[in-house]
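The values are calculated or read from the model by the stated rules, or taken from the named source; none is laboratory data. Since this is a predicted model, take the numbers as computed values, not measurements. Note: ideal-geometry Cβ built from the backbone for every residue, glycine included; neighbour counts use all protein chains shown.
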Protein chains: 2
Amino acid sequence: MAADFNDPGVIDPTEAAMLVDQYELTMADSYLRRGMNDEAAFELFVRNLPPNREWLLAAGLGPTLRLIEDLRFDRRALDYLASLDRFGDELVDYLAGFRFSGDIDAIPEGTICYAGEPLLRVTAPRVEAQILETLLLNQIGFQTLVATKAARVVLAAGDGAPGAGGNVVDFSPRRDHGADAAVKVARSAALAGCGGTSNMLAAMLYGLRPVGTMAHSYVLSFADEEAAFRAFVEDHPRPTILLVDTYDTLDGVRNAIAVSEAEGVRLAGIRLDSGDLDALSRGARELLDAAGLRDAQIAASGDLEEDHICRLVAAGAPIDLWGVGTELGTSRDAPALGVVYKLVADRSGERWRRVGKRSEAKATIGGRKQVWRRYRDREMAGDVIARLDEDVEGEPLLVPAVRGGERVLDESLEQVRERSRIQLGALPSRLRSFPAPDDVEPYPVELSPELAAAPGAGV
Amino acid sequence: MAADFNDPGVIDPTEAAMLVDQYELTMADSYLRRGMNDEAAFELFVRNLPPNREWLLAAGLGPTLRLIEDLRFDRRALDYLASLDRFGDELVDYLAGFRFSGDIDAIPEGTICYAGEPLLRVTAPRVEAQILETLLLNQIGFQTLVATKAARVVLAAGDGAPGAGGNVVDFSPRRDHGADAAVKVARSAALAGCGGTSNMLAAMLYGLRPVGTMAHSYVLSFADEEAAFRAFVEDHPRPTILLVDTYDTLDGVRNAIAVSEAEGVRLAGIRLDSGDLDALSRGARELLDAAGLRDAQIAASGDLEEDHICRLVAAGAPIDLWGVGTELGTSRDAPALGVVYKLVADRSGERWRRVGKRSEAKATIGGRKQVWRRYRDREMAGDVIARLDEDVEGEPLLVPAVRGGERVLDESLEQVRERSRIQLGALPSRLRSFPAPDDVEPYPVELSPELAAAPGAGV
């Protein structure tokens, strides 16, 4: 089977069907009994940006659309639901024949987006739209969170130059929240501009570059470090990266150089995984240069994130490759995104009715929406959230993704990665430094005059 | 298929086999070429507790052991690895016949544990032990993280009384990091003492109590709140919980009471999802009591975590049920656990050699270990980490889990939940208040005299 950038990974469509909160089924039960299954529109959006985030990078759409297209309740699920004595036969029969038949419009992966902007709109018979809630929030929310973190790291490692991020690789699988997270983190990191992953499952599924050579346990398995390096280069005659910090780091660099010379194998580079990365990278660079190994790269890893990388880059630390794990895979400084999925309109017969919510802290503006983005000199200048039928200047962000249950959007890694590159390059420069100053001027996102006057707006 | 508390969930054993960092395979390649496949011992432990944590609750072992027992590299994986032109044929042939044949000793799920203590030890041919690294760290680390968070919430909601946690339910699937996380969060929460989950997939797989009735979108789908409540109780004649905060919360309570009286259906309770939960729960309680509905429960949800719950409980807010989502499922205040998996011993022939690492920040004490726990008046009094062959006073925490590749430990939800209840009850009371005082005396974990004298100790 060939790699496929939109492979759903470890979750299959019958599992996805049951990744539903019970309330979606109790509500569906009631809607079906009452014949309330006319079209409704739900929008997925982020209420507020999390701490330490000034923008988001949309991700997760591709694999999620695949799951939705094939979503099925299997016999085990149907028997289980019937056994609960909580739902009517009508619901169970309905789920037995469930196929998503509606439309989805979405902001494509790799697009910068902001709080309040619908990332996705589902327009479908009410029950179909309702049943997708948990799956969409779980998959799109999490992947957008991680792609955003990855994009920040990529920008930091490129010294702010967009798209230079092939020098960041994903080392996170051991700290990711489970197996689905591990493959989706690698995918999200790749679309944001990372250059590889240590995760073999993700590399196979998505066609990513697999990276990684040795752990400390390898070095410890031999009599001494030099013996370990010699064994490794003998067994892997392609240029390789040696891990030098098991004992004394700079002695490790000397051993790597000596083994490379003695064995006649070109040293691709060395990796530092602990200690003062600034000082050690300078020391390692000197030793490598003195040995004539100017092409040998210095890789760094160990609790790295964008602020630390920015400081090292600004200090001029000669680090060529960044292995980023825990901080990337868990988005540690902002591990949750306040994504919600809200009913915004429904209809009986031909007429759409806008549906909003006026409660104090959690208002929702009713009506189906589009987001329009203006650019000035290739820099993002401001977004307007408007009603679907309003005509606004700029580029509309939501595009058709599913029509009548069938995918009409299916993008490749290359397409999404190129979009990310352009989008990150179009971010105002004040939003590309880490950490952002406390008083950084936020990106302007406005409501159209019609929306601003709507109930729930501005709360 | 019946529910099974140790079901691996959405990940299957062929996916688990490839959830490996590339370096494990490059190292395995080298070990095989060199005939270095004698027995080795690796231990999994947490280097340091994360911020805001004074202890951990072990979790994740059951489903992980199932995966290990059935771990297989399938044709697709083997073809992929061969296609990379990076590994020798010997490795690919070896992986084609891979079966885990070794031993695993582990601290059982639901046991309180601390930094530095091995949660698990794998003793197996070096290559087998090495290949499990990423899977073990990804699954055990994450589930231990979440079970710990859940246990904190359970203790908070029970006013510190251990095991009263049936009043906490998992509402997290929409914010969890992917589908594997969602089912494992529900499982980890249940073993820590939570009383149910909104996640239907997890409820089906693990035999948990599914919970949830309605979202705001249901109420918004009707002409007004009273019409929505009437429809819901008509369609769900069992006592139900109505969500009352779509418009004005206390008016919502009045509507719930009126509908329950008019329809002659007992109101199980009401749910508050926004606003000042202390004031609103008191207002709701008064209205319910005045209507003679003293049995109707008050459920609260919305960004709840242990500190907030402790404050509400201390203030006397009359809340009976707690729906906890984002904070539980992402362990938001500590979303990563510094779990590592380190070679600690290997042997050639009959003799074991201890393997440790002396690097500055990341030392590892060599040798296979056991943890011994002493109790005083049923309260945990202190742990000692010792060499495997030392005789220490107390109860040993690691027990046989796998022998010769076959599971010898397979516990039920009831067993693990009961252990958690007892363990949480045995925690010193100073470690059961949230937030912990800054100067809280940590739980005493000592090294045995023999270990304390070992290289790498005390660093």
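The table that follows gives values for the structure above.
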| quantity | calculated |
| --- | --- |
| Test for A:V153: is it away from chain B (no Cβ under 12 Å) and part of a helix (DSSP H, G or I) | yes |
| Residues of the range A:122-141 satisfying the condition of being within 9 Å of chain B (Cβ to nearest Cβ) and within 16 Å of A:V46 (Cβ to Cβ) | A:E133, A:L136, A:L137, A:N138, A:Q139, A:G141 |
| Residue list for the range A:334-358, restricted to those being touching a helix residue (DSSP H, G or I) at 6+ places or on another chain (Cβ under 9 Å) and either over 26 Å from B:G275 (Cβ atoms) or assigned to a strand (DSSP E or B) (or both) | A:V339, A:V340, A:Y341, A:K342, A:L343, A:D346, A:K357 |
| The range B:201-241, residues that are within 17 Å of A:L84 (Cβ to Cβ), among the charged types (D, E, K, R) and more than 30 Å from the chain's Cα centre (by Cα) | B:D235, B:R238 |
| Test for A:S260: is it polar (S, T, N, Q), within 11 Å of chain B (Cβ to nearest Cβ), on the phi < 0 side of the Ramachandran plot and part of a helix (DSSP H, G or I) | no |
| Residues of the range B:313-358 that turn out to be more than 9 Å from chain A (Cβ to nearest Cβ), among the acidic types (D, E) and over 30 Å from B:A189 (Cβ atoms), as a count | 1 |
| Residues within the range B:44-86 that are within 16 Å of the chain's Cα centre (by Cα) and acidic (D, E), tallied | 1 |
| Yes/no for A:E234 being more than 14 Å from every other protein chain (Cβ to nearest Cβ) and either part of a helix (DSSP H, G or I) or buried (at least 24 other Cβ atoms within 10 Å of the Cβ) (or both) | no |
| Unmet criterion (only one of (1) more than 14 Å from chain A (Cβ to nearest Cβ); (2) at pLDDT 95 or above) for B:Y206 | (1) |
| Qualifying position, being surrounded by fewer than 20 Cβ atoms within 10 Å (Cβ to Cβ), on the phi > 0 side of the Ramachandran plot and either at pLDDT 95 or above or assigned by TED's automatic domain parsing to the domain that holds A:G323 (or both), among A:D295, A:D307, A:D303, A:D278 | A:D303 |
| Residue ranges of helices (runs of 4 or more DSSP H) in the range B:7-91 with at least 3 members at pLDDT 95 or above and more than 10 Å from chain A (Cβ to nearest Cβ) | B:61-70 |
| Extreme residue, farthest from the other protein chains (Cβ to nearest Cβ), among residues of the range B:364-401 that are in a strand (DSSP E or B) and farther than 18 Å from B:I112 by Cα | B:R387 |
| Subset of the range B:184-200 that is facing chain A (nearest Cβ under 7 Å) and touching a residue at least 40 places away in the same chain (Cβ under 8 Å) - its residue that is nearest to the chain's Cα centre (by Cα) | B:K184 |
| Qualifying position, being buried (at least 24 other Cβ atoms within 10 Å of the Cβ), assigned by TED's automatic domain parsing to the domain that holds B:T364 and under 30 Å from B:P444 (Cβ atoms), among B:L19, B:L49, B:L67, B:L57 | B:L57 |
| Residue satisfying condition, being without any contact (Cβ under 8 Å) to a residue 12 or more places away in the chain and farther than 30 Å from B:R421 by Cα, within set B:R347, B:R351 | B:R351 |
| Residue check, B:P396 within 27 Å of B:E39 (Cα to Cα), surrounded by 13 or more Cβ atoms within 10 Å (Cβ to Cβ), touching a residue at least 12 places away in the same chain (Cβ under 8 Å) and touching a strand residue (DSSP E or B) at 6+ places or on another chain (Cβ under 8 Å) | yes |
| Any chance B:S348 is at pLDDT below 90, hydroxyl-bearing (S, T, Y) and out of contact with any Gly (no Cβ under 8 Å at 6 or more places or on another chain) | yes |
| Residue identified as within 14 Å of another protein chain (Cβ to nearest Cβ), touching a Leu at 6+ places or on another chain (Cβ under 8 Å) and at pLDDT 95 or above among A:R175, A:R99 | A:R175 |
| Failed condition for B:Y443, given (1) at pLDDT below 95; (2) touching a Phe, Trp or Tyr at 6+ places or on another chain (Cβ under 8 Å) | (1) |
| Counted residues, the range B:209-225 - those being out of contact with any Leu (no Cβ under 8 Å at 6 or more places or on another chain) and hydrophobic (A, V, I, L, M, F, W, C) | 3 |
| Top-ranked residue of the range B:181-217 - restricted to ones that are assigned to a loop (DSSP other than H, G, I, E, B) and of a type in the set (S, T, Y), ranked as surrounded by the fewest Cβ atoms within 10 Å (Cβ to Cβ) | B:T213 |
| The listed residue being small (G, A, S), farther than 28 Å from A:R238 by Cβ and out of contact with any Ser or Thr (no Cβ under 7 Å at 6 or more places or on another chain), out of B:G116, B:G88, B:G60 | B:G116 |
| Filter result for A:E109 (more than 17 Å from the chain's Cα centre (by Cα) and either small (G, A, S) or crowded, with 24+ Cβ neighbours inside 10 Å (or both)) | no |
| Only one of A:V253, A:V244, A:V259 that is touching a residue at least 40 places away in the same chain (Cβ under 8 Å) and more than 29 Å from the chain's Cα centre (by Cα) | A:V244 |
| For A:A361: the one exception among (1) modelled with pLDDT of 95 or more; (2) within 14 Å of chain B (Cβ to nearest Cβ); (3) out of contact with any His (no Cβ under 9 Å at 6 or more places or on another chain); (4) in a loop (DSSP other than H, G, I, E, B) | (1) |
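Results for (1) surrounded by fewer than 20 Cβ atoms within 10 Å (Cβ to Cβ); (2) touching a Ser or Thr at 6+ places or on another chain (Cβ under 7 Å); (3) within 12 Å of chain B (Cβ to nearest Cβ); (4) in a helix (DSSP H, G or I), shown as yes or no for each residue.
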site	(1), (2), (3), (4)
A:R230	yes, no, yes, yes
A:V265	yes, no, no, no
A:R282	yes, no, no, yes
A:E286	yes, no, no, yes
